[in-house]
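Chemist: A single structure is presented below for examination.
The values are calculated or read from the model by the stated rules, or taken from the named source; none is laboratory data. Source: prediction; values computed, not measured. When we count neighbours, we look across all protein chains shown, and the Cβ atoms used for this are built from the backbone with ideal geometry, even at glycine.
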Amino acid sequence: MRDITTDTITEAAQQSWAQAEDPRLRHVLQRLVHHLHAFVRDVEPSHAEWLAAAEFLWRCGRICDEKRNEFALLSDVLGVTSLVDLMNAAPGATIGSVLGPFYSDDSPTVPLGADLSKDNEGDVVLLTGIVRDIEGRPISGAIIDMWQTNAAGTYATQDPAQPDENLRCKQVCNADGRYAFTTVAPGPYTIPLDGPVGALVERTGRSPWRPAHFHFIVRADGHRSLVTELFFPDDPHVDSDAVFGVREPLVRAPRPVVQGEPLRVPLQRPPGRRLDFDFTLVPVTG
């Protein structure tokens with residue numbers, strides 16, 4: 001490797017990974033070198049620009065902790081997270097969307113018909129539907145894992161003023177595959193702006209806003225887990241989501257509850273509106 005020039009360095013860097021025993025790792029690293037070098041040749045950065053990029057990544061690492069991953073946020077605003085989601089979509093399943101940085105696996109399990117709204121401000125909404133397989137059959141015992149912001153647009157996991165378990169839950173679907181609970185309508189919010197990714201978004205004039213949404217993870221034995229979100233058509237940010245998470249099939253409008261209509265399950269609190277959404281899971285293969 002004595003004769004390194006602009007003509008030979010890319011091949012040399014690719015070959016430096018040729019001894020990796022894992023063929024997938026070897027392929028990924030060599031293709032990364034190929035595309036990264038192509039990017040550098042395309043934009044022709046100065047030394048100052050290269051140092052600024054290294055400084056940006058260093059600052060991303062410095063702000064990360066057990067509750068925050070700035071690199072995940074960077075992936076989100078570059079559209080990479082959504083691209084990976086879309087490329088790995090399971091045919092026949094409900095379309096997925098981004099996980100986001102505010103998920104916590106320790107949400108409380110609540111019974112069917114539970115009320116999450118409690119003392120939160122905002123309209124009370126019934127979230128309900130059925131988890132089905134690709135043949136349309138209900139999946140008894142499927143688990144719904146939901147988390148959301150309050151009306152002000154903050155999550156319990158980021159807001160010390162909220163109880164830790166506020167507006168998030170797990171629920172086991174009944175024999176009909178149904179889930180049902182009342183909550184409040186969430187609010188929109190900006191991505192975190194106090195770090196290097198937020199500063200970059202603001203400097204370029206991009207919208208930092210995410211439209212209001214409910215997050216879901218849906219799980220069932222023998223089926224691929226689904227990570228997705230539900231959005232609202234009247235949200236002012238639904239067509240400019242900062243992390244490209246909106247999918248047309250996931251945009252749904254809650255409707256008013258008609259007096260006397262069957263609600264399917266007993267509810268702890270009467271809702272003013274309801275949002276019905278069925279999830280479809282595909283079987284695990286291989």
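Chemist: Could you give every pair whose Cβ atoms fall below 8 Å, whose first residue belongs to region 31-57 and is touching a residue at least 40 places away in the same chain (Cβ under 8 Å), and whose second residue is surrounded by 11 or more Cβ atoms within 10 Å (Cβ to Cβ) and part of a helix (DSSP H, G or I), counting only separations of at least 6 or pairs across chains?
Modeler: Note: pairs meeting the criteria are F56/P196; F56/L200.
Chemist: Go over the candidates L275, L267 one by one and state the one that is outside any loop (DSSP other than H, G, I, E, B), in contact (Cβ under 8 Å) with a residue 12 or more places away in the chain and in the same structural domain as H213 (by TED's automatic domain parsing).
Modeler: Details: L267 fails: outside any loop (DSSP other than H, G, I, E, B).
None of the others qualify; the one that does is L275.
Chemist: Here is a list: D235, D164. Which entry is in the same structural domain as S97 (by TED's automatic domain parsing), on the phi < 0 side of the Ramachandran plot and surrounded by fewer than 14 Cβ atoms within 10 Å (Cβ to Cβ)? Working first, answer last.
Modeler: On the way: D235 fails: surrounded by fewer than 14 Cβ atoms within 10 Å (Cβ to Cβ).
After applying the criteria, what remains is D164.
Chemist: Kindly indicate the residue of region 1-19 that is of a type in the set (D, E, K, R) and over 18 Å from A38 (Cα atoms) and also surrounded by the most Cβ atoms within 10 Å (Cβ to Cβ) among those meeting that condition.
Modeler: Going through region 1-19, the residues of a type in the set (D, E, K, R) turn out to be 2-3, 7, 11.
Among the residues that remain, those that are also over 18 Å from A38 (Cα atoms) are: 2-3.
Numbers: R2: 3, D3: 7.
Ranking the candidates gives D3 first.
Chemist: V131 versus (1) surrounded by fewer than 22 Cβ atoms within 10 Å (Cβ to Cβ); (2) touching a Phe, Trp or Tyr at 6+ places or on another chain (Cβ under 9 Å): which is the lone unmet condition?
Modeler: In the conditions (1) surrounded by fewer than 22 Cβ atoms within 10 Å (Cβ to Cβ); (2) touching a Phe, Trp or Tyr at 6+ places or on another chain (Cβ under 9 Å), V131 misses (1) alone.
Chemist: Also, quick follow-up: Does L116 count as in contact with a Leu (Cβ under 6 Å, 6 or more places away or on another chain) and assigned by TED's automatic domain parsing to the domain that holds G129? Let's see the steps before the verdict.
Modeler: Values: in contact with a Leu (Cβ under 6 Å, 6 or more places away or on another chain): yes; assigned by TED's automatic domain parsing to the domain that holds G129: yes.
Yes: the conditions hold for L116.
Chemist: Condition check: loosely packed, with under 15 Cβ neighbours inside 10 Å and part of a helix (DSSP H, G or I). Does L86 satisfy that? Show your work before the answer.
Modeler: On the way: loosely packed, with under 15 Cβ neighbours inside 10 Å: yes; part of a helix (DSSP H, G or I): yes.
Judged against the criteria, L86 is a match.
Chemist: Continuing with this model, one more query. When you scan region 120-229 for strands (runs of 3 or more DSSP E) that lie fully inside it, which ones turn up with 3 or more residues that are of a type in the set (V, I, T) and at pLDDT 95 or above? Give the steps one after another, and end with the answer.
Modeler: Values: elements: 124-133, 143-148, 168-172, 178-184, 213-219.
Per the criteria, 124-133, 178-184.
Chemist: Let me ask something additional. Given the criteria surrounded by fewer than 16 Cβ atoms within 10 Å (Cβ to Cβ), modelled with pLDDT of 95 or more and assigned by TED's automatic domain parsing to the domain that holds V227, does P111 qualify? Give the derivation first.
Modeler: Details: surrounded by fewer than 16 Cβ atoms within 10 Å (Cβ to Cβ): yes; modelled with pLDDT of 95 or more: yes; assigned by TED's automatic domain parsing to the domain that holds V227: yes.
Considered against the rule, which asks whether it is surrounded by fewer than 16 Cβ atoms within 10 Å (Cβ to Cβ), modelled with pLDDT of 95 or more and assigned by TED's automatic domain parsing to the domain that holds V227, P111 comes out as yes.
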